[in-house]
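Throughout, read-outs are computed from the coordinates displayed, never taken from laboratory work. For clarity, every value in this text was computed on a predicted model and none was experimentally measured. Counting neighbours? That spans all protein chains shown, and the Cβs are built from the backbone with ideal geometry, glycine included.
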Amino acid sequence: MNRKIINRFLEFLIVGVFLGVAEDLIAISLATGKSIDGKIFLIAFLASFPFAVFSELIVDHDKFKELMKKWFKKI
């Protein structure tokens, strides 16, 4: 497997998903005072996963960066 693909997937998994879920769990716990259980974890995962996909796999992609550079040159 290509090393770049593995690194990109690990970055997505660690930064996008794990840290996103941890951030959501902290926010839920502080805002509601509830203890973390499986249902709360699932909610945090479902809330953070789409943002992780968007930010880590789409926005951080080289082609997206090139597209944004071209687009902002026109403005």
### Residue ID - nearest to Phe18 (Cα to Cα), chosen from residues in the range 39-64 that are charged (D, E, K, R) and part of a helix (DSSP H, G or I)
Glu56
### Task
Provide a single number: the residues in the range 20-33 that are in a helix (DSSP H, G or I) and exposed (fewer than 11 other Cβ atoms within 10 Å of the Cβ).
3
### Task
Could you please find all residues in the range 34-75 being among the aliphatic types (A, V, I, L, M), surrounded by 13 or more Cβ atoms within 10 Å (Cβ to Cβ) and either within 11 Å of the chain's Cα centre (by Cα) or over 29 Å from Asp24 (Cα atoms) (or both)?
Ala47, Ala52, Val53, Leu57
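Part of a helix (DSSP H, G or I) and of a type outside the set (Phe, Trp, Tyr): is that true of Ile36 in this structure?
No.
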